[in-house]
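Peer 1: Below is a structure I'd like to ask you about.
The values are calculated or read from the model by the stated rules, or taken from the named source; none is laboratory data. All values derive from a computational prediction rather than experimental measurement. Note that we place each Cβ from the backbone using ideal geometry, even for glycine, and neighbour counts take in every protein chain shown. Protein only, heavy atoms only, side chains kept; ligands, DNA and RNA dropped before computing areas. Shrake-Rupley method; radii C 1.70, N 1.55, O 1.52, S 1.80 Å.
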Amino acid sequence: MQTNHERRKKVGNRIIWGVLAVAVVLGYVGFHLASNGGPGLLVQSNGNEVGGSFRLDSLGESTVTEGDFHNSWMLVWFFDANCPEEKCKPVLKSMEQALVTLRAEGIHVSPLAVSLNPFDEADPLKEYVLPVAPHVMPFTATPNMIKAMTAEYHAPLQKEGDHFVPAPQIVIMDPNARYAGTIPADGNADALIARLRELAKR
């Protein structure tokens, strides 16, 4: 005959195994959605005309969402590490200059460079971005997340030769994660800084 202690231990073990089973199922469902879910399951506009939610992988292999960048002006630009340097590196430099210049004025800027190539690895991205823009954060994502996010942020997802076409616009999201506008991704740091100053004064 079981003692009360043995019965409690048995019930406790069942609860633990039940919790673990639920965690495994939820983890599988999350992985399945991230890999195969449609755009509506992966990103939400959150009422924005352009932009919205996302889930990206950083070079440190951690995951970030739009919520990690609240309270700063978020710059979202899509590129490819195979992009010709003369086409993409000036844009990265302009984002870097905007962050450094405006930080000194008390305006917080978070520039995100999102790879359009889901197979880009950390080292090539670091080698491409960090030497010219050490404060610009490069990110990758699953193929379906990139597809969903580019649709939400109105960026092209098409190849030109051996690289994806970089987005012609940088999307600006305000510190409350609301769409604030776009600016041409042409490497003009002065124009980007002036636009952010204007938006920050409103």
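Peer 1: Might you check whether a residue that is surrounded by 14 or more Cβ atoms within 10 Å (Cβ to Cβ), in contact (Cβ under 8 Å) with a residue 60 or more places away in the chain and in contact with a helix residue (DSSP H, G or I) (Cβ under 6 Å, 6 or more places away or on another chain) occurs anywhere in the stretch 122-134?
Peer 2: no
Conditions tested, residue by residue: (1) over 21 Å from residue 120 (Cα atoms); (2) modelled with pLDDT of 75 or more; (3) surrounded by 11 or more Cβ atoms within 10 Å (Cβ to Cβ).
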position: 23; (1), (2), (3): yes, no, no
position: 28; (1), (2), (3): yes, no, no
position: 40; (1), (2), (3): yes, no, no
position: 46; (1), (2), (3): yes, no, yes
position: 52; (1), (2), (3): yes, yes, yes
position: 57; (1), (2), (3): no, yes, yes
position: 60; (1), (2), (3): no, no, no
position: 83; (1), (2), (3): no, yes, yes
position: 99; (1), (2), (3): yes, yes, yes
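Peer 1: Let me ask something else about it. Restrict the check to the stretch 103-116 and report whether at least one residue is more than 24 Å from residue 60 (Cβ to Cβ) and surrounded by 14 or more Cβ atoms within 10 Å (Cβ to Cβ).
Peer 2: So far as the stretch 103-116 goes, yes, one or more of its residues are more than 24 Å from residue 60 (Cβ to Cβ) and surrounded by 14 or more Cβ atoms within 10 Å (Cβ to Cβ).
Peer 1: A further question follows. Of all residues being in a loop (DSSP other than H, G, I, E, B) and of a type in the set (Gly, Ala, Ser) in the stretch 164-192, which is least open to solvent (accessible area, probe 1.4 Å)? Just the residue, please.
Peer 2: Ranking the candidates gives 167 first.
Peer 1: Kindly provide the set of residues from the stretch 135-156 that are within 21 Å of residue 46 (Cβ to Cβ), over 13 Å from the mean Cα position of the chain (by Cα) and open to solvent by 50 Å² or more (accessible area, probe 1.4 Å), ordered by number.
Peer 2: Passing the criteria: 151, 154.
Peer 1: Inside the stretch 87-121, can you point out the residues that are assigned to a helix (DSSP H, G or I), among the hydrophobic types (A, V, I, L, M, F, W, C) and more than 21 Å from residue 69 (Cα to Cα)?
Peer 2: Within the stretch 87-121, 88 is the sole residue that qualifies.
Peer 1: If you check every pair at least six apart or on different chains, which have Cβ atoms under 7 Å apart with a residue in the stretch 44-60 that is among the acidic types (Asp, Glu) first and a residue that is open to solvent by less than 40 Å² (accessible area, probe 1.4 Å) second?
Peer 2: Within 7 Å, the pairs are 57/139; 57/140; 57/141.
Peer 1: Out of the residues in the stretch 122-160 that are of a type in the set (Ser, Thr, Tyr) and assigned to a helix (DSSP H, G or I), state the one that is farthest from residue 54 (Cα to Cα).
Peer 2: The selected residue is 128.
Peer 1: Every residue in the stretch 63-78 that is under 17 Å from residue 51 (Cβ atoms) and either buried (at least 16 other Cβ atoms within 10 Å of the Cβ) or in contact with a Lys or Arg (Cβ under 8 Å, 6 or more places away or on another chain) (or both), please.
Peer 2: The answer is 64, 65, 66, 69, 72, 73, 74, 75, 76, 77, 78.
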